[in-house]
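Here is the structure we will look at, set down as structure tokens.
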Amino acid sequence: MPTVKDILVSQPTSEQKSKCCTWPIWRHDPSTFEWTYTDKETCLLLEGRVTVSDSHDSVSFQAGDRVEFPRGLVCTWTIHETVVKHFNFG
């Protein structure tokens, strides 16, 4: 089973940014909630700051980061600042 250590956080290339900008946008105000990834998700944060944790570790990311979440990850999202992101499953 994947853990938060399997989340990939990077600075996107220009090509990756262009591709991400064609994806839908998701917005969410500060909150904490549990989430299970039934598919791989890739996203580009346009705004906000988030910490994702499991029972052992956590990873944080913010506006400007490209993030890949593995399929099967069970985690808790803590949104510290309102998030606006482009996202894609699959």
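Every number here is computed from the coordinates shown, using simple stated rules; none is lab data. In this text the structure is predicted, and so the values were computed from the model without any measurement. Reconstructed Cβ throughout: ideal geometry from the backbone, glycine too, with neighbour counts over all protein chains shown.
One table, with the values for the structure above:
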quantity: Options Val50, Val4, Ala63, ranked by Cα towards positive dipole end of the chain, top entry (Cβ charges); calculated: Ala63
quantity: Local electrostatic count, Lys5, Cβ distance below 9 Å [Lys/Arg +1, Asp/Glu -1]; calculated: -3
quantity: Listed peptides 19-31, 37-49 by packing density, highest first (mean Cβ within 10 Å); calculated: 37-49, 19-31
quantity: The chain - Rg (one decimal) and Dmax (whole number), Cα, Å; calculated: 12.1, 35
quantity: Net charge dipole size for the chain [Lys, Arg +1 and Asp, Glu -1 on Cβ; Debye, nearest 20]; calculated: 240
quantity: Over the chain: helical MRE at 222 nm, DSSP H runs n ≥ 4 each giving -39500 (n - 2.57), nearest 500; calculated: -2000 deg cm²/dmol
